[in-house]
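What follows is a short report on a single structure.
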Amino acid sequence: MLSNIKIIIPLAAALFVLFWTLRWASIHRRAVPRFRKLPLGPEGETATAEALPETEPESEPAPVPEPEPEGDKRFHKPDWIALGCLTAVYAVVAFIGLGSNTAPQTFLHYQQGNTYALIELEEPQEITAIRYYSGLCTADYTLQFSYDGETWIDQVQEDGTSGMTQTYTQLFRWNDAVLNADNGAVRYIRIISGAEQYLGEVAIYGADGALIDTEELIIASGCEMLFDEQDTIPDSYSYKNGTYFDEIYFPRTALEMIEGIWPYEITHPPLGKAIISLGIRIFGMTPFGWRFMGTLFGVLMLPVLYVLLKKMFGYTAVAACGSALFAFDFMHYTQTRLATIDTYAVFFILLMYLFMYLWVAEPPDRSRRRNLWLFLCGLSFGLGAASKWTCIYAGAGLAVIWLIYWIIRLRREKKAVRDDFILNIGWCLLFFIAVPCLVYYVSYYSYGVSQGLSGVKMFFSKDYLQIVLDNQSYMWNYHSDLVATHPYSSKWYQWILDIRPILYYLEYFEDGTISSFAAFSNPIVCWGGLCAMIGMGWLAVRDRDKKALFILIGYLANLLPWVLVSRLTFAYHYFPCTVFLVLALARIFEDLRRRDGKWRAAIGSFTAVSVAMFVMFYPVLSGVRRSATYSNIFLKWFTDTWPF
């Protein structure tokens, strides 16, 4: 019976999505009249007849509700209530269990190699374990024990490597030293640096496995900061008290920006890491601090998306349900709680498409408001590109939308709008070339500071310009020449079907429970959104639906470039596309709202099932400990490719 559940649940989810999609297709097919051309009229124009059948129907078709008029796109009290409640609920869910707000903040700075910290025990005893918190800089330590302070025993592994390391994967997390098995009772401990290093805190455990109190230690002068935050020592390392996955790059670089040090991670533009640094400035160099801004931006995506949905479709129910789909999409939740830069890229992509839609929808005679939307769109594009280059893909979609808009207007109004078109080209050169370039250029401020430059004058110096140009060359070469493998990599065709998540964290416990989480899409949103996106293509071609075309262009702009990429890719690269999957589903919601008498059940059930999926999969999205049986029976739908 239990083995059948593993098949029944995903099959039921797939059938639900299929049934829901077919329901919309059936209603839309019956509700939208067909058109066919009639002979030319007296003025030489082609006449059209609405819903003119080629043959007489055998029986009267079932009555179809009349489409409702366009919804009110202004914000009203129900919108504020729906948006406020949804944002508040999601914010609570997102910030719960985000990470520890305590971590060592003082570090012993080894300014050079071959310097040491000396710790003396009041009485000789056996040392069973040493746990330590690594700061900036990478190098191995030499860990030594001594009984008399004269004869020292190096702690080395069988392969001759150091028993106490500080590699780039071990920074700002707790690590355990590897100790020799035959040390015996010791009284002195010496930690020798291999190069410039920062060591945060040290925990020493005695023969009974208990933490040795600092009152039992005699600490050499200048080494006090190794034992001044003993309350931060955890029982073991976990994602809650240290860096994991790509956090080994970005929080470290954010701190280096604060400290005026040349950044370690320079394979992406600086702005995303500068945003991460704001959380560190507020909450300190703690897991909560370096994850705070990403989670906050994940929360802020909801009001932006709600406004876009409201402006596109006009219905509170559509905007609220669409925002709920995105709020509780797996990718949105997991990815924004990880201190990487993808969150900021998606946030600015969402902003730029909001402002582009407002520009397209604004009446042509409101030139000032249109220019404002265009400026904000270009500014968002610049901020996105300064966070991650993938925003340039989304920018190409904006260009296609802009071009189609003007083609339609020029064909309809011809000479009357040529001057407007030429003027708009000038504005676009300013807003989409000059402004983004300026934003991008200024975003390298911290790089200049780390090289001794200062003040506004640095932006006009050749040294600063060279820093920016050199980094563009480095990034291009890095990404174009990257050859690597990863056990959780995936391709674009796996993303659209939700076949291969990327596993971020995995830990097994002695009691048989497991803690893990992965980035992938909510299957209801992913599969339903893919069906809806196919529907957008149908609507765009068959009915020349401008909203559907807008959504389809945005989706393809963020997906198609990855089809051509041969380098290593992961499921999180599909994150920007989830925005447009939700927009496509909302376009379907709009159809149901206007044409289906039972639209509440259709829209509500889809949203409810999606949220229920989030609740069901919550353990593999948040890292909450669970039994392996629960995962294997209820969550691991694709046994070979879902790794949690």
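The values are calculated or read from the model by the stated rules, or taken from the named source; none is laboratory data. Bear in mind that the values here come from a model prediction, so they are computed numbers and not experimental data. Cβ sites come from the backbone with ideal geometry, for glycine too, and all protein chains shown count toward neighbours. Ligands, DNA and RNA are excluded from the accessible area calculation, which covers all protein heavy atoms including side chains. Shrake-Rupley method; radii C 1.70, N 1.55, O 1.52, S 1.80 Å.
Does the range 442-449 contain any residue that is within 22 Å of the chain's Cα centre (by Cα) and surrounded by fewer than 19 Cβ atoms within 10 Å (Cβ to Cβ)?
Among the residues of the range 442-449, not one is within 22 Å of the chain's Cα centre (by Cα) and surrounded by fewer than 19 Cβ atoms within 10 Å (Cβ to Cβ), which makes the answer no.
Kindly establish whether Asp543 is modelled with pLDDT under 95, out of contact with any helix residue (DSSP H, G or I) (no Cβ under 7 Å at 6 or more places or on another chain) and open to solvent by less than 70 Å² (accessible area, probe 1.4 Å).
The answer is yes for Asp543.
Only one of Ala361, Ala385, Ala345 is over 27 Å from Tyr239 (Cα atoms), small (Gly, Ala, Ser) and in contact (Cβ under 8 Å) with a residue 60 or more places away in the chain. Can you tell me which?
Ala385
I'm checking my understanding of the structure. Among residues of the range 546-577 that are surrounded by fewer than 20 Cβ atoms within 10 Å (Cβ to Cβ) and polar (S, T, N, Q), which one is nearest to His332 (Cα to Cα)?
Thr569
Within the range 215-224, can one find any residue that is in contact with an Asp or Glu (Cβ under 6 Å, 6 or more places away or on another chain) and either outside any loop (DSSP other than H, G, I, E, B) or open to solvent by less than 30 Å² (accessible area, probe 1.4 Å) (or both)?
Yes - at least one qualifying residue is present in the range 215-224.
How many residues, within the range 620-644, are open to solvent by 30 Å² or more (accessible area, probe 1.4 Å), more than 24 Å from Asn241 (Cα to Cα) and not in a loop (DSSP other than H, G, I, E, B)?
Looking only at that region, the number is 4.
Mind checking which residues of the range 132-163 are open to solvent by less than 30 Å² (accessible area, probe 1.4 Å) and closer than 19 Å to Ile212 by Cα?
Tyr132, Tyr133, Leu143, Gln144, Phe145, Ser146 - these are the residues of the range 132-163 that are open to solvent by less than 30 Å² (accessible area, probe 1.4 Å) and closer than 19 Å to Ile212 by Cα.
Could you grab the pairs with beta carbons closer than 6 Å, sequence gap of 6+ or different chains, first residue in the range 485-508 and over 14 Å from Thr334 (Cβ atoms), second one crowded, with 18+ Cβ neighbours inside 10 Å and β-branched (Val, Ile, Thr)?
Listed by first residue and then by second, the contacts come to Tyr508/Ile514.
Checking the condition out of contact with any helix residue (DSSP H, G or I) (no Cβ under 8 Å at 6 or more places or on another chain) and surrounded by 11 or more Cβ atoms within 10 Å (Cβ to Cβ), which residue from Asp498, Asp481, Asp470 passes?
Asp470
So which pairs qualify, if the first residue must be in the range 366-379 and closer than 20 Å to Val417 by Cα, the second must be outside any helix (DSSP H, G or I) and open to solvent by less than 80 Å² (accessible area, probe 1.4 Å), the Cβ gap must be under 7 Å, and the two must be at least 6 apart or on different chains?
From the range 366-379, the pairs are Arg369/Glu362; Arg370/Glu362; Trp373/Glu362.
Quickly run through the range 428-441 and pick out the residues that are open to solvent by less than 90 Å² (accessible area, probe 1.4 Å) and of a type in the set (A, V, I, L, M).
Scanning the range 428-441 gives Leu430, Ala434, Val435, Val439.
Please count how many residues of the range 500-537 are over 21 Å from Asp235 (Cβ atoms) and either in a helix (DSSP H, G or I) or acidic (Asp, Glu) (or both).
The number of residues fulfilling the criteria is 15.
Provide a single number: the residues in the range 555-594 that are in contact with a Leu (Cβ under 6 Å, 6 or more places away or on another chain) and more than 28 Å from Arg23 (Cα to Cα).
The qualifying residues number 1.
Which one of the conditions (1) at pLDDT 95 or above; (2) over 30 Å from Met312 (Cβ atoms) does Glu54 fail to meet, given that it meets all the rest?
So the condition that Glu54 fails would be (1).
(1) surrounded by 14 or more Cβ atoms within 10 Å (Cβ to Cβ); (2) more than 26 Å from Leu581 (Cα to Cα); (3) at pLDDT 95 or above: which one isn't true of Lys462, the others all being true?
(1)
Anything in the range 243-258 that is open to solvent by 30 Å² or more (accessible area, probe 1.4 Å) and either free of Cβ contacts under 8 Å to residues at least 12 places away in the same chain or closer than 13 Å to Gln170 by Cα (or both)? List them, or say none.
Phe245, Asp246, Tyr249
Given the options Ile404, Ile425, name the one that is surrounded by fewer than 20 Cβ atoms within 10 Å (Cβ to Cβ) and either in contact (Cβ under 8 Å) with a residue 24 or more places away in the chain or within 30 Å of the chain's Cα centre (by Cα) (or both).
Answer to the check: Ile404.
With the structure loaded, tell me whether Ile401 is within 23 Å of Ala540 (Cβ to Cβ) and of a type outside the set (D, E, K, R) or whether it fails that test.
Yes.
Residues Ile280, Ile266: which one is assigned to a helix (DSSP H, G or I) and within 30 Å of Tyr474 (Cβ to Cβ)?
Ile280
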